[in-house]
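S.K.: Have a look at this one before I ask anything.
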Amino acid sequence: MKDILRPFILFLAVLMVVIALIFWPQEQVAGQYDDFAKCLSSKGAVMYGAYWCPHCQNEKKAFGDSFRLINYVECTEETSKCLAEKINGYPIWIFPDGKRLEGEQGLKKLSEKSGCPLNN
């Protein structure tokens, strides 16, 4: 009986370690463009996009990990917000002063249009 329990106990121990590693809180790593993304967000800039849009994906990838700091509206999930802003293509950046930047912008152009410094 002991010979049967030993592999089972070993399996449970390994399983518990794997589960602990998966759910262990991980430290947030600063992204390369955190300050730039924070500046855009503090100015009230909002990016409207859709998960299936390749230009939206390019814009997100340009920010890397720093995109988590961007005010982003996923139009496939928040349809009413996108309809209210008359979003008819993706991506669109909207600023509180009414400025709209339509299409893929890239970080340099966003920096120029927003006044947020792009420190990389």
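S.K.: Among the residues of region 71-112, how many are touching a Leu at 6+ places or on another chain (Cβ under 6 Å) and part of a helix (DSSP H, G or I)? So that I can check it myself, show each step before the final result.
M.R.: Of the residues in region 71-112, the ones touching a Leu at 6+ places or on another chain (Cβ under 6 Å) are 93, 107, 111.
Among the residues that remain, those that are also part of a helix (DSSP H, G or I) are: 107, 111.
Number of matching residues: 2.
S.K.: Within region 73-99, how many residues are surrounded by 12 or more Cβ atoms within 10 Å (Cβ to Cβ), closer than 11 Å to G44 by Cα and out of contact with any Ser or Thr (no Cβ under 8 Å at 6 or more places or on another chain)?
M.R.: Count: 2.
S.K.: Also: Scan region 79-120 residue by residue and report those that are over 14 Å from C56 (Cβ atoms) and charged (D, E, K, R).
M.R.: Answer for region 79-120, where residues must be over 14 Å from C56 (Cβ atoms) and charged (D, E, K, R): K81, E85, K86, D97, K99, R100, K108, K109, E112, K113.
All of the numbers you see were taken from the coordinates with simple rules; none came from a lab. This is a predicted model, so every value here is computed, not measured. Cβ coordinates were reconstructed from backbone atoms using ideal geometry, including for glycine residues, and neighbour counts include every protein chain displayed.
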